[in-house]
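To keep things clear, I will list the structure first and then write my remarks on it.
The values are calculated or read from the model by the stated rules, or taken from the named source; none is laboratory data. In this text, all values refer to a predicted model and were calculated from it rather than measured experimentally. Methodologically, a virtual Cβ is constructed for each residue, glycine included, from the backbone with ideal geometry; neighbour enumeration extends over all protein chains shown.
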Amino acid sequence: MTSPLTKGLYRGAIAVNFPYDFLTKQHSIGNVWQKEQQGLKFAAAKKVASIAELRKMPAEALFADDPAVEPFTKAALGGGMNTDGWSFLVDYPKALDQGMTADVPILTGMTADDFGPPAEMMKTTVATFPTAVASMFGEKKAAFSGLADSYLALCPVKIDQESRTAAKRAQQEYRMASIFSWAQKRAKSAKSPVYTYFFDQAIPWPEHPEFGAFHSSDLVYAFNNLAKLNRPWTDVDRRVADELSTCWVNFVKF
């Protein structure tokens, strides 16, 4: 939504489970030099010295399950954006601050368990609760440490299940706050509305209750194609699919 090459090509965007806390980190989107370094490491792991040699390799060899290559595979072959000076002129935080984001309506949000299992499946205990909560803030962990005592005073936990419920709430609210913060920054230069959602309908999956409302689990409801997935769907699931898909269609139409 920040590339000058896409200007005028779309009139709205649906950003599903968008990682705003990641995108607003400095250098979250790599630059060309960083990508080139990853490519060089990947080539070295494949024991070749040039891109020409990589191009000669059969696809099965390029993507082979090789422990020596695995650390670089996602970075080098998984694509991803980078500030190449053409498609993306600056990293996302700068683009946001400079008002370069597309001024179109946006529908975005998150699933309840996008960043971890449901509370009842978490392993957090009373003893590990302070550390578990602090770890959720990533590079902002140091800033949180100064407020940790105040936060923990607001969330007293006496038994393990309370700690899990509180940890899950902290996890979700941190991401909600990051979406709100992103929307506030965007509103300084964009006038189009932002619509947000919080999706907590877990796909019925008796074999894997630990997944909950996992990343991308909302898509089967949004496209209203429950019949394509063999799960013990209920009337509630079908109603959610009808309502969510209607919301998406209305957003696209209007």
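Looking at D149, D84 in this structure, which one is of a type in the set (D, E, K, R) and either out of contact with any helix residue (DSSP H, G or I) (no Cβ under 8 Å at 6 or more places or on another chain) or without any contact (Cβ under 8 Å) to a residue 24 or more places away in the chain (or both)?
D149 is the lone residue from the list that is of a type in the set (D, E, K, R) and either out of contact with any helix residue (DSSP H, G or I) (no Cβ under 8 Å at 6 or more places or on another chain) or without any contact (Cβ under 8 Å) to a residue 24 or more places away in the chain (or both).
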Within the range 193-207, restricting to residues that are out of contact with any Phe, Trp or Tyr (no Cβ under 8 Å at 6 or more places or on another chain) and assigned to a loop (DSSP other than H, G, I, E, B), the one that is surrounded by the most Cβ atoms within 10 Å (Cβ to Cβ) is D200
Is it true that some residue in the range 212-222 is crowded, with 18+ Cβ neighbours inside 10 Å, out of contact with any helix residue (DSSP H, G or I) (no Cβ under 7 Å at 6 or more places or on another chain), touching a residue at least 60 places away in the same chain (Cβ under 8 Å) and among the hydroxyl-bearing types (S, T, Y)? yes
Scanning for something farther than 25 Å from S3 by Cα, at pLDDT below 85, more than 24 Å from the chain's Cα centre (by Cα) and surrounded by 15 or more Cβ atoms within 10 Å (Cβ to Cβ), does the range 48-56 turn up at least one residue? no
Expected output for the range 227-254 (first residue in contact (Cβ under 8 Å) with a residue 12 or more places away in the chain and loosely packed, with under 10 Cβ neighbours inside 10 Å, partner outside any helix (DSSP H, G or I) and among the small types (G, A, S), Cβ below 7 Å, 6+ apart or cross-chain) is none
Extreme residue, farthest from K140 (Cα to Cα), among residues of the range 152-182 that are touching a residue at least 40 places away in the same chain (Cβ under 8 Å) and among the polar types (S, T, N, Q): Q161
Is the range 133-141 home to any residue that is out of contact with any helix residue (DSSP H, G or I) (no Cβ under 9 Å at 6 or more places or on another chain) and in contact (Cβ under 8 Å) with a residue 60 or more places away in the chain? yes
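For the range 154-192, which positions are in contact with a helix residue (DSSP H, G or I) (Cβ under 6 Å, 6 or more places away or on another chain), part of a helix (DSSP H, G or I) and over 15 Å from D114 (Cα atoms)? Even if it seems obvious, please write down each step before you answer.
First, pick out the residues of the range 154-192 that are in contact with a helix residue (DSSP H, G or I) (Cβ under 6 Å, 6 or more places away or on another chain): 155, 157, 163-165, 167-168, 170, 178-179, 182, 185.
If we keep only those that are part of a helix (DSSP H, G or I) as well, we get 163-165, 167-168, 170, 178-179, 182, 185.
Those that are in contact with a helix residue (DSSP H, G or I) (Cβ under 6 Å, 6 or more places away or on another chain), part of a helix (DSSP H, G or I) and over 15 Å from D114 (Cα atoms): S163, R164, T165, W182, K185.
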